[in-house]
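Below is one structure, written out as structure tokens; the observations come after it.
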Amino acid sequence: MKIAVAKETRDGESRVAMVPELVGRLTGLGYDVAVEPGAGSHALIADEEYAAAGAVLDDAAFAAADLVVSVQPLAPAQIRGLARGTTTISFLPVNQEPETVGHLRDAGVTAHAVELIPRISRAQSMDALSSQALVAGYRCAIVAAGMLRRFFPLNMTAAGTVQAAEVVVLGAGVAGLQAIATAKRLGAVVRAYDVRAAAAEEIRSMGAKAIDLELETLEGAGGYAREMTEDRAARQRELLTPYIAAADALITTAAVPGRAAPMLVTRQMVEQMKPGSVVVDLAAETGGNVEGSAPGEDVLIPLEHGGTITLVGMKDAASTMPADASRLYAKNVVNLLLLMTADGKVVPDFDDEVVAGSCLTHDGVVRHQPTATLLADAFGEPTAEGSGA
Ligand code: NAD
């Protein structure tokens, strides 16, 4: 069985789907690993390291590959070059890229999207959303600390006392909790808010203070957040305003699966902050939690009485720490791959909820039913029968 490792081609993508320390695990099982030259260069992994681990460097790595691993979805030309029956593993945000799903289906590729891996205990070691959110959340806190022109920790010195910075984190999922933990380790006083019922306890377990707005909690399917009504959103904004006004740094990480990021903070709320404060919006790429944030841009918001607030729109956050992010992602990929292979062959067991749940297309059919419906709505195609949930 031949496993091909793609060199990522999309702008801003610095990660790679395989790292040398995991190549031996695969070759030890008798699998061949072919890596496109330069695949690890942005993640500071040299071709020689892959070769030393037992992989072959090959410009034509995809040719005759049984399984192709990548971070981003493959490009249409790459998909067309795959033999029917090839398996792929990558991120694939179906709402943003329905055309790619169509290409994979038409090419007869068995495509697994890591976003669709069920978030059950057994699949935690394959949960790429979590591993990459961890990196992104850490990065947000580091960016906030780096941009803020004052200390995060309390300093008591002979020359006087410097107070700790106040940090507010909105959204306490995997990324938010990591941002909280990182800001705490740097010594800031951290307060956080999330709409889920379990979040307050999780926030406190990180050593931060949970903001209690005395609003109803909002929980939907699978323990995820639900969308807010406009009334609820307005009330939440009103009640959060004093907390945000008192913060030196605000980090926002809120998301609702399958929807644009909720708008939590208006420009007017940002303008209540002190001059020199920093806002970091992790959701900038998916619609933004903060009004006016733009992915990859630092927007300066002038204040009426002088000074500015810096609004950082995060972009490709996990990719900004490509070596560690790749190591974690590659481990997720290998764990999924091992679940689907045996005796030198790809043998997906569609009775396994992780294999079935993550499978987007197989044998010319879109198996994941919500995506089949999405394609039907987008392109007027007939929906195909599939077993995906
Ligand atoms: P996510 O990226 O979908 O959302 C980030 C956070 O934003 C969530 O905590 C959500 O509640 C919050 N949010 C949404 N709307 C908000 C609003 N209006 N105001 C404030 N916060 C808002 O979430 P995630 O990090 O992927 O995690 C979601 C859930 O899944 C959590 O309960 C997490 O513990 C759980 N989880 C479980 C597993 C597992 O069991 N294997 C793994 C990872 C995550």
Discussion item. With +1 on the Cβ of every Lys and Arg and -1 on the Cβ of every Asp and Glu, and nothing else charged, how large is the dipole of the stretch 1-144 about its Cα centre, in debye rounded to the nearest 20?
Written reply: 460 debye
Discussion item. To the nearest 20 Debye, how big is the dipole of the chain about its Cα centre, given +1 on the beta carbon of each Lys and Arg and -1 on that of each Asp and Glu?
Written reply: 960 debye
Discussion item. Using amide H atoms built in the peptide plane, which far-off residues or other-chain residues are under 5 Å from THR88 H to H?
Written reply: VAL68, THR110, ALA111, HIS112
Worksheet, complete the sentence: Of the candidates VAL162, LEU44, TYR138, the farthest towards the positive dipole end of the stretch 34-190 (Lys/Arg Cβ +1, Asp/Glu Cβ -1, centred on the Cα centre) is VAL162
Worksheet entry | Residue-span extension gain [GLU271 to ASP212] - 0.36 nm each, minus C-alpha spacing | 19.0 nm
Worksheet, complete the sentence: Computed ³J(HN,Hα) along the stretch 149-166: with the Karplus parameters 6.51/-1.76/1.60, θ = phi - 60°, integer Hz and x for glycine or proline, the list is 8, 7, 5, 7, x, 5, 10, 10, 10, 4, 8, x, 9, 10, 6, 5, 6, 9
Worksheet item: Long-range amide H contacts for ALA34: which residues qualify at under 5 Å (H placed 1.01 Å from N, peptide plane, sequence gap of 5 or more or a different chain)?
Response: ILE3, ALA4, VAL5, VAL56
Response to the item:
The size of the Cβ-based charge dipole (Lys, Arg +1; Asp, Glu -1) of the stretch 225-273 about the Cα centre, to the nearest 20 debye, is 160 debye
Worksheet item: Rg to Rh for the stretch 76-140: what is it, with Cα atoms only and Rh by Kirkwood?
Response: 1.06
Discussion item. Please list, ordered by chain and number, the residues whose modelled amide H lies under 5 Å from the amide H of ASN289; skip anything fewer than 5 residues away on the same chain.
Written reply: ALA283, ALA284
Worksheet, complete the sentence: Output ordering of 342-354, 114-126 (per-residue mean of other Cβ within 10 Å, highest first) is 114-126, 342-354
Item to complete: Read phi for every residue in the stretch 366-374 and hand back ³J(HN,Hα) as whole Hz from Karplus 6.51 cos²θ - 1.76 cosθ + 1.60, θ = phi - 60°, with x for Gly and Pro.
Response: 7, 7, 7, 4, x, 6, 4, 5, 4
Worksheet, complete the sentence: P(r) over all Cα-Cα pairs of the stretch 125-186, 5 Å bins from 0 to the longest distance, whole percent per bin, short to long, reads 4, 18, 24, 19, 14, 9, 6, 3, 1, 1, 0
Worksheet item: From the residues VAL109, GLY81, GLY287, which one has its Cα farthest along the dipole of the chain in the positive direction, the dipole being from +1 and -1 charges on Cβ of Lys/Arg and Asp/Glu about the Cα centre?
Response: GLY287
Item to complete: Could you let me know the centre-to-centre spacing of the stretch 42-94 and the stretch 117-144, using Cα atoms, in angstrom?
Response: 23 Å
Response to the item:
Close lysine pairs (the chain; alpha-carbon distance under 27 Å; 8 or more apart or on separate chains) counted at 12
Item to complete: Please identify, among PRO242, PRO322, PRO73, the residue showing maximal mean-square fluctuation in a Gaussian network model of the chain using a 10 angstrom Cα cutoff.
Response: PRO242
Practice prompt. Of the DSSP beta bridges with both residues in the chain, give the percent that are antiparallel, rounding to the nearest 5.
Written response: 30 percent
Response to the item:
To the nearest 0.05, the calculated FRET efficiency linking ARG80 and ALA51 through their beta-carbon distance, R0 being 25 Å, is 0.30
Worksheet, complete the sentence: Cβ-Cβ cut-off under 14 Å around ARG204, Lys and Arg +1, Asp and Glu -1: the net charge is 0
Worksheet entry | Using distinct alpha-carbon pairs, which all enter the 1/r mean, Kirkwood radius of the stretch 135-261 in Å | 15.1 Å
Worksheet item: Could you give the length gained on full extension between ASP231 and LYS315, defined as 0.36 nm per residue of separation minus the Cα-Cα distance, in nm?
Response: 27.2 nm
Item to complete: Mind jotting down a quarter of the surface of the convex hull over the alpha carbons of the chain, in square nanometres, one decimal?
Response: 21.3 nm²
Item to complete: Place +1 on the Cβ of every Lys and Arg and -1 on the Cβ of every Asp and Glu in the stretch 239-389, take the dipole about the Cα centre, and give the residue among VAL365, TYR243, VAL346 whose Cα lies farthest towards its positive end.
Response: TYR243
Worksheet entry | Net charge over other residues, Cβ less than 11 angstrom from the Cβ of GLU99 (K, R count +1; D, E count -1) | -1
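Every number here is computed from the coordinates shown, using simple stated rules; none is lab data. These numbers come from a predicted model, not from an experiment. Here Cβ is always computed from backbone atoms with ideal geometry, including for glycine, and neighbour counts include all displayed protein chains.
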